[in-house]
Amino acid sequence: MTDAQKPDEAARAVPAGREIDAIAALLAEQLAELLAQDPGVRAGSPDAARKMRSAARRSRSLFEDHRKLFKKAAVKSLRAELKWVVNAVGPLRHATIVDGPVHGPNHDLPMLNALGLSFGPAENAQRAGYDAAYGKALAALESDRYFRLISGLQAFCAAPPARSAAKPA
């Protein structure tokens, strides 16, 4: 490739302030997706769990890829909390991918099924795995930790804690 064919580096460079705003906008989109899937996860939807998990993972990736633009402590804390959400809702999705579909939490079933009286051993084990995953996801979404994460993401998107520009020597 000749010099005439190479793109101009200056033309591709994005000022840091605009890049920070762009990353904050992308994070806001992922936060909106995370919140949009919240009711579905609470209802026991594996698809909503998959989408929430994906939004949290994309947010973590954005923080990782652009960590040098933001204050380290803020990014580290939010990444850790997003990982926690991924680990909390991931098993709900996994329970239906590995074990096959389950038709929602036990509260949607008649009492006979809730007691396991009409299921065989394989179905009872599948139901138990799903119920454990659902309980873990629901406990996470009802925790103060989850609400602190949502508040932290909202605050980050509203006023991204950018690192100070290096001062010339």
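Values for this structure:
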item	result
5 angstrom amide H check on R163, placed H, neighbours 5+ away	F70, K71
Segment 131-140 - phi-based ³J(HN,Hα) in whole Hz, Karplus 6.51/-1.76/1.60, Gly and Pro as x	4, 5, 5, 5, x, 5, 5, 5, 4, 5
Amide proton proximity set for A43, modelled H, under 5 Å, gap of 5+	none
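Coordinate-derived values only; no laboratory data. Predicted model only: the values in this text are computed from it and were never measured.
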